[in-house]
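Everything below concerns the one structure shown next.
The values are calculated or read from the model by the stated rules, or taken from the named source; none is laboratory data. Quick caveat: nothing in here was measured; it's all calculated off a predicted structure. Here the Cβ positions follow ideal geometry from the backbone for every residue, glycine too, while neighbour counts run over all protein chains shown.
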Amino acid sequence: MKLTDSREIKADPATVWRAILDPDVLKECIPGCESLTGSIADGFEAAVVQKVGPVKARFTGVVHLTDIDEGRSVKISGEGKGGAAGFAKGGAVVTLEPIADGTRLTYDVDASVGGKIAQLGSRIIDGFAKKMADDFFARFQEAVEGPEAEEEVVATDETDGKKKGWFKRLIGG
């Protein structure tokens, strides 16, 4: 399954770059992520719970950031095992480009699954992979941009009660 898309983020490329390398941001942005520990140099161990069609599984695996071109691009790749449910692996090449209003973040995703999950059929798997990528980058955009000024008082993330744009406020953006 391959997917390419982009998002225009209202933050400078340096802020977006810091966020994409921040393990706390990655943990908050990965749908269903229970834990993410480790470092950029050694890789991260992750635990993610996901439901694909009728199959719900807890995947444990590793995430690596490679091919790092400082401030411009990085490859995020991971592989997880979900026990009897099977396995999932994939990666995304993330590229940053300065634009007038901030940064254009482009991503090329390549993902595959095996085992019981693979038996669900390509339509379900492809839809799930697209939704996961869209959810990750939507959450990432919210974490970096934050809400519009008039929305800031009432805007909260439904998943954990944290206000949106927490990364941008954390770094003083």
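Across segment 87-109, what is the number of residues that are exposed (fewer than 14 other Cβ atoms within 10 Å of the Cβ) and under 13 Å from Gln50 (Cβ atoms)?
0
Given (1) in contact with a Phe, Trp or Tyr (Cβ under 7 Å, 6 or more places away or on another chain); (2) at pLDDT below 90; (3) of a type outside the set (Gly, Ala, Ser), where does Phe137 come up short, assuming only one miss?
Failed condition: (2).
State all residues of segment 1-58 that are loosely packed, with under 15 Cβ neighbours inside 10 Å, touching a Gly at 6+ places or on another chain (Cβ under 9 Å) and among the hydrophobic types (A, V, I, L, M, F, W, C); if no residue qualifies, say none.
Those that are loosely packed, with under 15 Cβ neighbours inside 10 Å, touching a Gly at 6+ places or on another chain (Cβ under 9 Å) and among the hydrophobic types (A, V, I, L, M, F, W, C): Ala14, Val49.
Taking the condition of being more than 17 Å from Gly32 (Cα to Cα), touching a helix residue (DSSP H, G or I) at 6+ places or on another chain (Cβ under 9 Å) and acidic (Asp, Glu), how many residues in segment 113-135 meet it?
Final tally of qualifying residues: 0.
If only one of Ser77, Ser122 is at pLDDT 85 or above and of a type in the set (Ser, Thr, Tyr), which one is it?
Exactly one of Ser77, Ser122 is at pLDDT 85 or above and of a type in the set (Ser, Thr, Tyr), namely Ser77.
For Asp5, are the conditions met, namely being part of a strand (DSSP E or B), more than 15 Å from the chain's Cα centre (by Cα) and touching a residue at least 24 places away in the same chain (Cβ under 8 Å)? Full working, then the answer.
On the way: part of a strand (DSSP E or B): yes; more than 15 Å from the chain's Cα centre (by Cα): no; touching a residue at least 24 places away in the same chain (Cβ under 8 Å): yes.
Criteria not met by Asp5.
Just one of the numbered conditions (1) within 22 Å of Lys2 (Cα to Cα); (2) surrounded by 19 or more Cβ atoms within 10 Å (Cβ to Cβ); (3) of a type in the set (S, T, N, Q) is not true of Ser112; which one?
(2) is the only condition that Ser112 fails.
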